[in-house]
1. Could you give every pair whose Cβ atoms fall below 9 Å, whose first residue belongs to the stretch 47-73 and is more than 12 Å from Asp33 (Cα to Cα) and of a type in the set (Lys, Arg), and whose second residue is exposed (fewer than 15 other Cβ atoms within 10 Å of the Cβ) and at pLDDT below 90, counting only separations of at least 6 or pairs across chains?
2. For Asp24, indicate whether it is of a type in the set (Asp, Glu) and under 23 Å from Leu9 (Cβ atoms).
3. Quick one: which residue in Val21, Val62 is within 15 Å of Leu85 (Cβ to Cβ) and of a type outside the set (Lys, Arg)?
4. Just the residues that are surrounded by fewer than 18 Cβ atoms within 10 Å (Cβ to Cβ) and either in a strand (DSSP E or B) or on the phi > 0 side of the Ramachandran plot (or both), please, taken from the stretch 19-36.
5. So, in the stretch 42-80, exactly how many residues are surrounded by fewer than 19 Cβ atoms within 10 Å (Cβ to Cβ), assigned to a loop (DSSP other than H, G, I, E, B) and of a type in the set (A, V, I, L, M)?
6. Exactly one condition in (1) surrounded by 10 or more Cβ atoms within 10 Å (Cβ to Cβ); (2) in a loop (DSSP other than H, G, I, E, B) is false for Ile4; which is it?
Amino acid sequence: MLKILQLLLTIGSGFDYPNGVAVDSSGNIYVADTGNSAVKRMDSSGRNIITLGSGFYHPFGVTVDSSGNVYVADTGNSAIKRITLRSEEAPRINIQPVLAMVQETLPTSGIAMEQTAMSMKAR
């Protein structure tokens, strides 16, 4: 007789209505924390949770491409945002609508984020 063992492990905490989850090639876990209007990253053990950027309003989905860029469906802002992590740079965030670019300094380390609003037309 074949026995199937199941292990359910809770990783991370402090989320409010988490929706999207993605894992990068290094095993880092990204969560669209909808209720907290945040996107968070943690290591594979669920520790070292950091919030990536700001300005999200009910992010719903998240995915990571092969280059490590994080894409977020920012539902409340009707936008898709790309977060590029750059550990070698000074802390900053780039929010880039299709036609303009803004840079701000953030207290988190090495984060660049670009925003493309769905309602704006491409060049």
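The values are calculated or read from the model by the stated rules, or taken from the named source; none is laboratory data. All of these numbers come straight from a predicted model, not from anything done at the bench. Here the Cβ is made from the backbone with ideal geometry for all residues, glycine too, and neighbour counts use every protein chain on show.
1. Arg47/Ile11
2. When the stated conditions are applied, Asp24 passes them.
3. Matching residue, one of Val21, Val62: Val62.
4. Correct list: Asn19, Val21, Val23, Gly27.
5. Result for the stretch 42-80: 1.
6. Ile4 satisfies every listed condition except (1).
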